[in-house]
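These notes are about the structure you will find just below.
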Amino acid sequence: MKKVILLLTIVIIIAFVPFKKQININIKAPFYDVCQQLLKVDNWKKWQPDIHKNIITSPALISIKTIKNGFLITSPQQTFNIKYTSVNVFNVDRIIHHINYKFNYVINPSLSNTNTTIIVSYKINLFKLLVAGLSINDNLNPIIDLKKFMEDPMLYYGFNIYEKQVPESHLLVKSKTVLVKNDRYVVMKNLVDELRGYAEKNNLATIQPVTAEYINKQPDSLQIVIGMPVNQKVKSTNNIIYMHMPAGKVIIGVYKGKYAERQKIYTGMEKYIQNFGLQKQVLPLEKYTDNKLPSSDTDIVNMQIYYPVL
């Protein structure tokens, strides 16, 4: 009996003896951006799922307190105590049901600055592992949530953005320069009608939705360029230009909303291109996926933005 009690005592002691564990987590995002997500309390509200959910559903139950070199975020379920010793070194305590899970983060940039490595150190014991369901890394380490947030374009940039290799194509192009104050939508419709008429006259099949490109010519002038992908090469005329579009890589952003508010996706895509060290080749194109051009600023449009890149 004494041996059993002694053995149980030893097991209990061992269960509460902490040991240090260290792992490396890579995030496909620039070093500066990763540090900013951890440094600013407003960013934690966006990317940490539990905090974000409470901010949306029960903001009155969230308490945020500034402390020396950090801040404290308290919700009914848990508390986050975030402190930084420099812009790239953080100590994060996550307290759940009176159990404190302590993490130390050291943020390191990659040579290309498009990836960031986070060295995660924490102390754990067998008891905490059992309470956490043997999944402390996935369920309790806040950096896992940050990685999911920053590597999901819909979450981080606000839109579905992705890279794609597109094949070569044939394009009919017609453009017109107008004053900015004039109604561009009437001009766009007229240009599309002319291209469709030319395609029908020459037995050309349109194989993709029409595209639009805007070029600022003067402070008060805008060149509207409409493109229509067709199935074969043709000769240019005085009014309509044939263009051969080479194959290559593009960044595509998917947008549905008011046409006048589309600048939001351009901003997100510009940040995406910058973060991944890509080079823009030409101006972006708007492709109207349902072949329906906008007729006013308030029209709801379904479109994709194409950025040819290197």
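The values are calculated or read from the model by the stated rules, or taken from the named source; none is laboratory data. Given the structure is predicted, the values throughout are model-derived calculations rather than measurements. Cβ: placed from backbone, ideal geometry, glycine included. Neighbour counts: every protein chain shown.
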Open item on the list: From the list E270, E286, E261, exactly one residue is at pLDDT 95 or above and under 15 Å from Y185 (Cα atoms). Which is it?
Closed with: E286
- [ ] Confirm whether E286 is of a type in the set (D, E, K, R) and within 18 Å of P167 (Cα to Cα).
- [x] yes
- [ ] Could you pull out the residue among L7, L38 that is at pLDDT 95 or above and either surrounded by 10 or more Cβ atoms within 10 Å (Cβ to Cβ) or farther than 14 Å from K147 by Cα (or both)?
- [x] L38
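Being in contact with a Leu (Cβ under 8 Å, 6 or more places away or on another chain) and not aliphatic (A, V, I, L, M), is that true of even one residue in segment 219-226? Break it down stepwise before answering.
Initial filter on segment 219-226 (in contact with a Leu (Cβ under 8 Å, 6 or more places away or on another chain)): 220-222, 224, 226.
From what's left, not aliphatic (A, V, I, L, M): 220-221.
Yes, because at least one residue in segment 219-226 is in contact with a Leu (Cβ under 8 Å, 6 or more places away or on another chain) and not aliphatic (A, V, I, L, M).
Identify, from the list G227, G257, G253, the residue that is surrounded by 15 or more Cβ atoms within 10 Å (Cβ to Cβ), in contact with a Gly (Cβ under 8 Å, 6 or more places away or on another chain), touching a residue at least 24 places away in the same chain (Cβ under 8 Å) and not polar (S, T, N, Q).
Values: G227 fails: in contact with a Gly (Cβ under 8 Å, 6 or more places away or on another chain); G257 fails: in contact with a Gly (Cβ under 8 Å, 6 or more places away or on another chain).
So the residue among G227, G257, G253 that is surrounded by 15 or more Cβ atoms within 10 Å (Cβ to Cβ), in contact with a Gly (Cβ under 8 Å, 6 or more places away or on another chain), touching a residue at least 24 places away in the same chain (Cβ under 8 Å) and not polar (S, T, N, Q) is G253.
Looking at I51, I67, I56 in this structure, which one is at pLDDT 90 or above and over 30 Å from K271 (Cα atoms)?
Criteria check complete, one pass: I67.
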Open item on the list: Quick check on my filter: what residues within segment 294-310 are closer than 25 Å to P167 by Cβ and out of contact with any strand residue (DSSP E or B) (no Cβ under 7 Å at 6 or more places or on another chain)?
Closed with: L310
Task: Those strands (runs of 3 or more DSSP E) lying entirely in segment 206-310 with at least 1 residues more than 27 Å from the chain's Cα centre (by Cα) and of a type outside the set (V, I, T) - done: 211-218, 221-230, 241-245
